[in-house]
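Inspection log for the structure reproduced underneath, given as structure tokens.
No value in this document is a laboratory result; all are computed from the given coordinates. Keep in mind that what you see is a predicted model, and the values were worked out from it rather than measured. Glycine gets a Cβ as well: all are built from the backbone with ideal geometry, and neighbour counts include every protein chain shown.
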Amino acid sequence: MNRNDLNAVATAMVGSGKGILAADESTPTIGKRFALIDTESTEASRRRYREMLFTTPGVEEYIGGVILYDETLRQSTSDGVPFAKYMADAGMIPGIKVDTGAKPLAGFAGETITEGLDGLRERLAEYYELGARFAKWRAVINIGENLPSDFCVQANARALARYAALCQEANIVPIVEPEVLMDGDHSIARCEEVTNAALAALFAALAEHKVVLEGIVLKPNMVISGSGAADRAAPAEVAEATLRTLKAHVPAAVAGVAFLSGGQSPEEATVHLDMMNKSGDLPWELSFSYGRALQAPVLDAWRGSEDNYAVGQAALFKRAKLNGLAHGGQYDTSME
């Protein structure tokens with residue numbers, strides 16, 4: 001793929017009011033989600049749950065791409081159609097999570113480095129053959145007393161850039177995700193300070209690695225108060241601080257920005273996205289790449305029962321549509 005082809009894929013993922021469904025939970029993570037609804041996590045139950053998501057009638061109007069886990073990319077619908085083919089035929093681009101998780105950063109207590117670069121070139125070639133046209137890699141930045149260190153920020157930025165360069169070499173669009181966690185009692189001002197540092201390091205590293213910005217999607221956190229903060233910032237302040245940070249660091253060449261929800265409630269994530277898009281002209285598509293903020297209502301509706309299959313699909317369609325409207329700045333809380 002050349003620059004234009006990469007850009008076409010990236011734009012299809014987040015353009016035209018669409019966003020990305022993050023359905024790339026690892027087997028242990030989805031096991032925890034299933035436990036909350038008293039559902040056993042087996043290969044069959046995970047396949048059926050994700051089939052419910054992907055085959056939701058009309059969801060392709062609002063979902064331009066779906067991030068899959070390795071197991072899911074190799075699975076098929078009940079009719080035997082590989083999930084990747086089913087999605088592509090429906091107009092949703094299949095993607096794949098390729099990192100192997102955030103692991104303790106040696107010598108830096110409380111900090112992590114995301115692993116998975118070893119053998120990545122070969123894995124990307126296989127994933128392309130299986131139908132994936134974009135990939136995702138998540139870096140994790142903790143805020144705490146004397147955290148994050150500059151070394152942690154720089155190390156994760158360089159890993160993201162190496163991953164992104166390998167993706168583009170393999171004709172795969174990289175989602176670059178430098179997540180500053182909202183865990184903690186920090187203020188929105190502290191989140192903004194750390195997010196500024198993370199984005200500055202990321203784009204410096206992407207430039208060093210000759211990554212084509214027109215062929216990436218940035219998946220950042222919103223600039224938001226810590227989940228345990230005593231006085232959490234209001235939606236207008238979150239929108240203002242997030243846009244200020246993006247405008248300071250994200251070049252206009254970037255194809256799109258697709259926010260992670262990062263522990264926000266489904267409604268919070270939608271309100272914040274809408275307020276940003278109501279602010280006027282922006283140089284990039286400002287979209288969503290939500291996991292829990294799209295799936296939590298689905299899991300609650302489905303609860304592992306075939307009798308609730310259609311109800312689960314209705315829950316996903318509603319949240320996808322509301323976020324699609326927020327992408328265009330056309331959402332209102334009365335729609336809930």
Checklist entry - What is the Cα centroid distance between segment 149-188 and segment 40-55, reported in whole angstrom? => result 29 Å
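At 222 nm, what helix-only mean residue ellipticity would the chain give, in deg cm²/dmol to the nearest 500, using -39500 (n - 2.57) for each DSSP H run of four or more? Let's see the in-between values first.
Numbers: 12 runs with 154 residues, N = 336.
The helix contribution divided over the chain gives -14500 deg cm²/dmol.
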Checklist outcome for this item: Of the listed links LYS210/LYS278; LYS32/LYS136; LYS32/LYS210; LYS18/LYS278; LYS103/LYS318; LYS85/LYS247, those spanning more than 28 angstrom between alpha carbons are LYS210/LYS278; LYS32/LYS210; LYS103/LYS318; LYS85/LYS247
Checklist entry - Kirkwood Rh over Cα pairs of segment 126-276 into Stokes-Einstein at 10 °C, 1.306 mPa s: D in µm²/s? => result 101 µm²/s
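Could you sort the peptides 131-138, 51-58 by per-residue average Cβ neighbour count (10 Å cutoff), highest mean leading? Present the calculation step by step, with values, prior to reporting the outcome.
Values: 131-138: 24.0, 51-58: 18.6.
Per-residue mean Cβ counts within 10 Å order the peptides as 131-138, 51-58.
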Item to check | Other-chain or far-sequence residues with amide H under 5 Å of SER76's (modelled H) | outcome: PHE83
Item to check | Order by protection proxy (mean Cβ within 10 Å, highest first), peptides 9-19, 232-242, 286-296, 30-40 | outcome: 286-296, 9-19, 232-242, 30-40
Checklist entry - Counting only residues 5 or more places away or on other chains, whose amide H sits under 5 Å from the amide H of THR114 once H atoms are built in the peptide plane? => result LYS103, VAL140
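Contact order normalised by length for segment 3-329, with contacts defined as Cα pairs under 8 Å and 6 or more residues apart; what percent is it?
Numbers: 668 pairs, mean separation 65.7, N = 327.
Relative contact order, segment 3-329: 20 percent.
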Item to check | For segment 212-265 versus segment 71-126, the gap between their alpha-carbon centres in whole angstrom | outcome: 23 Å
